[in-house]
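A short write-up of the structure that comes next.
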């Protein structure tokens with residue numbers, strides 16, 4: 001395997017290679033450029049402990065590229081992109097975050113761990129320490145590095161654990177408040193005129209305390225419900241449109257909800273939420289979606305869709321005004337989501353078809369394929385207006401089509 005660690009005298013040559021690749025991309029030769037790059041190797045830049053190292057490698061993933069660069073890592077190190085990430089582009093930057101010793105103080109327990117995590121929550125997670133939402137974790141520099149043998153100290157201040165019974169439903173709860181009254185206020189639990197509390201508001205909140213709240217004369221029920229996790233989509237221009245990968249799986253949260261039930265003749269005829277407590281917050285899901293456009297110019301797309309060259313100007317005008325970026329995954333309003341199902345009265349795609357899923361008649365890849373979308377648009381323009389020219393004239397008068 002031929003690997004070249006780049007010194008200063010190689011950089012002019014590499015700059016020329018990079019410039020040629022960029023020119024090739026803008027010339028619409030994406031596929032060819034990618035194939036040529038795979039044959040000629042790819043540039044990978046490593047950032048490790050303040051040092052930068054650049055290699056030309058034929059490696060197919062980050063792990064093999066690290067080996068080619070003679071860079072050793074351990075399981076506790078963090079590699080971005082991930083160590084098993086496939087290398088498909090021509091140029092990559094790999095950041096290496098080295099594990100270092102951290103002192104963890106969790107109550108009476110004091111331990112030294114190795115981790116590359118940089119935040120308090122991330123350090124705890126990396127070494128398997130469970131933190132409740134109410135626990136406090138503080139990361140600070142050690143006051144005695146020699147004695148500690150570590151530069152950072154993570155101190156965990158655990159919340160008080162107690163038993164909370166809400167209208168018959170018992171849960172384990174946590175709080176840093178000092179009294180029962182302050183805890184109820186912090187958790188947003190308000191007592192109604194018919195509610196009773198098992199202990200006075202001024203009762204000190206201590207581990208293992210039993211606190212019960214109930215409502216007199218009203219039928220209530222308490223259930224646990226899932227709290228849907230949020231989803232954050234990250235566009236990756238190294239992958240084609242339609243690519244989708246879950247980078248970090250989301251986890252639903254959970255809440256305890258108490259409903260006031262209205263019963264008549266033994267049947268429930270209505271319910272109203274009267275209290276809720278979040279037991280576990282949901283964890284965000286991070287998804288990687290491809291954003292690289294298909295190869296070829298807009299005229300290539302139109303030609304592939306069977307549109308006559310004499311109509312290119314009309315098509316370009318309409319698409320430019322409906323979707324200036326020519327992004328097949330664009331939703332009305334500016335959002336980009338290649339997984340959008342096209343339902344609802346919302347414009348989608350190159351020509352902002354409303355609803356977007358009617359373009360499915362042009363192919364199963366209608367969500368991401370601009371050529372399929374243009375095929376549908378051409379059929380629409382001819383069937384409704386008689387020609388692209390007439391569709392263009394209609395757009396000029398009405399600013400829609």
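The values are calculated or read from the model by the stated rules, or taken from the named source; none is laboratory data. On a predicted model such as this, the values are computed, not experimentally measured, just so you know. For neighbour counting, all protein chains shown are included, and Cβ atoms are generated from backbone atoms with ideal geometry for every residue, glycine included.
Annotations
- Considering segment 304-340, the residues that are closer than 15 Å to residue 369 by Cβ and without any contact (Cβ under 8 Å) to a residue 60 or more places away in the chain include one that is surrounded by the fewest Cβ atoms within 10 Å (Cβ to Cβ), namely 326.
- Residues of segment 162-196 satisfying the condition of being farther than 19 Å from residue 206 by Cβ and within 33 Å of the chain's Cα centre (by Cα): 188
- Scanning segment 101-121 for residues that are surrounded by 14 or more Cβ atoms within 10 Å (Cβ to Cβ) and closer than 18 Å to residue 74 by Cα, we see that the one that is nearest to the chain's Cα centre (by Cα) is 117.
- So residue 242, is it at pLDDT below 90, part of a loop (DSSP other than H, G, I, E, B) and closer than 30 Å to residue 390 by Cα: no
- Some residue of segment 366-378 being surrounded by fewer than 17 Cβ atoms within 10 Å (Cβ to Cβ) and touching a strand residue (DSSP E or B) at 6+ places or on another chain (Cβ under 8 Å): no
- Segment 169-223 holds strands (runs of 3 or more DSSP E) entirely within its bounds, and those carrying 3 or more residues that are within 14 Å of residue 159 (Cα to Cα) and touching a strand residue (DSSP E or B) at 6+ places or on another chain (Cβ under 8 Å) map to 169-175.
- Look at (1) modelled with pLDDT of 95 or more; (2) under 26 Å from residue 238 (Cα atoms) and you find that residue 377 fails only one, number (2).
- Residues that are closer than 21 Å to residue 366 by Cβ, outside any loop (DSSP other than H, G, I, E, B) and at pLDDT below 90, drawn from segment 273-297: 289, 290, 291, 292
- Qualifying residue in segment 125-142 (condition: under 20 Å from residue 81 (Cβ atoms) and either in a loop (DSSP other than H, G, I, E, B) or in contact with a strand residue (DSSP E or B) (Cβ under 8 Å, 6 or more places away or on another chain) (or both)): yes
- Any chance residue 83 is at negative phi, touching a helix residue (DSSP H, G or I) at 6+ places or on another chain (Cβ under 8 Å) and not assigned by TED's automatic domain parsing to the domain that holds residue 147: yes
- Subset of segment 44-73 that is within 27 Å of the chain's Cα centre (by Cα) and either assigned to a strand (DSSP E or B) or at pLDDT below 95 (or both) - its residue that is surrounded by the most Cβ atoms within 10 Å (Cβ to Cβ): 44
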